[in-house]
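Structure first, then comments.
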Amino acid sequence: MPHDILVTGPDDAKTTIILAHGAGGAMDTSWMDSVAVALSENELRVIRFEFDYMSARRTSGKRAPPPRADLLCQEYKDVVGELDLEGTVVIAGKSMGERVASMIADGLYDAGAISGLLCLGYPFHPIGKPDNLRTGHLQQMKTPTLICQGTRDLFGSKDEVLTYTLSGVINLFWLEDGDHDFRPRKAVSGLTAKQNIAAAVRHVTDWSHSLPASARAARRPQ
C-alpha cells in the first residue's frame, strides 16, 4: 500500500525535499514540523513519510525497533517511486532516515531520479563508539550532498568529522554549539534552536538553488 505522507509548502515549488524521520521519532514530531515549516517558508516543498515500522506503532502501540537497513533502503526507494516527482528532487532525512537516504542516493542519482541528498544531523557513529564509523559509502559519494551538523553532535562532532575522509561532493554546514537536534546551549553560545534551524534552512535553500532538475521523473527503482 502507498505510504501516508505529509506535504508542507507550495505545490509549484521548484524543489521538493523528501524527508524521512529518525529511528525513534515519527514524521510529525515537533522537530520535523519545525524544519518542514521553515523550509516551506523558503519556497521549498517538503514531503514527509513514515517507514512501515513507525506507522505500525500508531496502531499497535508497541515500540518495535527499525528493521534491517536493506529493508529500509528498499522502502525508501519504493516511496520515491510512489511519489513519481519531476523537477529538482532531494532525498533527505533526520539521523537514521538520512543514513538510509545516503545508502540509496547514488543509485537514484545515476538513474536521474534525484538531484541531491540532504542530511540533517548525520549519525557518523553510534553514541560513545567513535571508532564504529558509518562513513564507508560517503567516501565514494557521487550525489551532490549537504550535511547540516551540530558542532557538538554526539553522533559526530565537528572535531571528529573534520578528520574523516569524505567525498568531495559533500558539503558540510556547521550549526554553532548544536547537538543532534541543532540545539545549542544558550548560556554558552547565546543562540537558540530556532536560530540554528533558521541558519540551516537558509543554507539548504541556497544549496538547493545550485542543483539541476533531476534527469527524468522518478520511476520505481528496481
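Measuring between their Cα centroids, region 18-51 and region 119-188 lie 19 Å from each other.
Projecting the Cα positions of VAL37, ILE127, ASN196 onto the charge dipole of region 5-209 (unit charges on Cβ atoms of Lys, Arg, Asp and Glu, taken about the Cα centre) puts ILE127 furthest along the positive direction. Note that region 90-184, at 4 °C in a medium of 1.567 mPa s, gets a Stokes-Einstein diffusion coefficient of 99 µm²/s from its Kirkwood radius over C-alpha pairs.
As a rough guide to protection, the peptides 62-71, 104-113 ranked by mean Cβ packing within 10 Å, highest first, stand as 104-113, 62-71. Modelled label positions at ASP131 and LYS14, each set 7 Å beyond Cα in the direction of Cβ, lie 4.8 nm from each other.
Remark: the LYS194-LYS62 segment gains 44.4 nm on full extension, using 0.36 nm per residue and subtracting the alpha carbon distance. Two numbers describe the Cα atoms of the chain: Rg and Dmax, which are 16.3, 50 Å. Could you tell me what percent of the DSSP beta bridges with both partners in region 5-209 are antiparallel, to the nearest 5? Rounded to the nearest five, the antiparallel share is 15 percent. Note on ASP84 and LEU71: their simple-model spin labels are 2.8 nm apart, each label 7 Å out from Cα toward Cβ.
Full extension of the chain segment joining LYS142 with ASP110 gains 10.7 nm, where the gain is 0.36 nm per residue of separation less the Cα-Cα distance. For the chain, the membrane-span-like helices by this rule, meaning whole DSSP H stretches whose C-alpha atoms cover at least 20 Å of axis and whose Kyte-Doolittle mean is 0.0 or above, are 69-83, 96-110; this says nothing about an actual membrane. If only the Cβ of Lys and Arg carry +1 and only the Cβ of Asp and Glu carry -1, the dipole of region 5-209 around its Cα centre is close to 680 debye.
Using r as the Cβ-Cβ distance of LEU6 and ALA187, and R0 as 22 Å, what FRET efficiency do you calculate, to the nearest 0.05?
Efficiency for this residue pair is about 0.05.
Our summary gives the chain a relative contact order of 21 percent, counting only alpha carbon pairs under 8 angstrom and 6 or more residues apart. Sorting the Cα pairs of region 10-79 by distance into bins of 5 Å, from 0 upward, gives 3, 16, 23, 21, 18, 11, 6, 1 percent per bin. Calculated mean residue ellipticity, 222 nm, the chain: -10000 deg cm²/dmol, from DSSP H runs (n ≥ 4) at -39500 (n - 2.57) each, averaged per residue and rounded to 500. Each residue, ALA26 and TYR164, gets one label point 7 Å from its Cα in the Cβ direction; the gap between the two is 3.0 nm.
Subtracting the Cα-Cα distance of SER55 and SER210 from 0.36 nm times their residue separation leaves 52.4 nm of extension gain. Packing, as the average of other Cβ atoms within 10 Å across residues, places the peptides 138-144, 162-168, 172-178 in the order 172-178, 138-144, 162-168, highest first.
Coordinate-derived values only; no laboratory data. Since we're looking at a predicted model, the values are computed, not measured. When we count neighbours, we look across all protein chains shown, and the Cβ atoms used for this are built from the backbone with ideal geometry, even at glycine.
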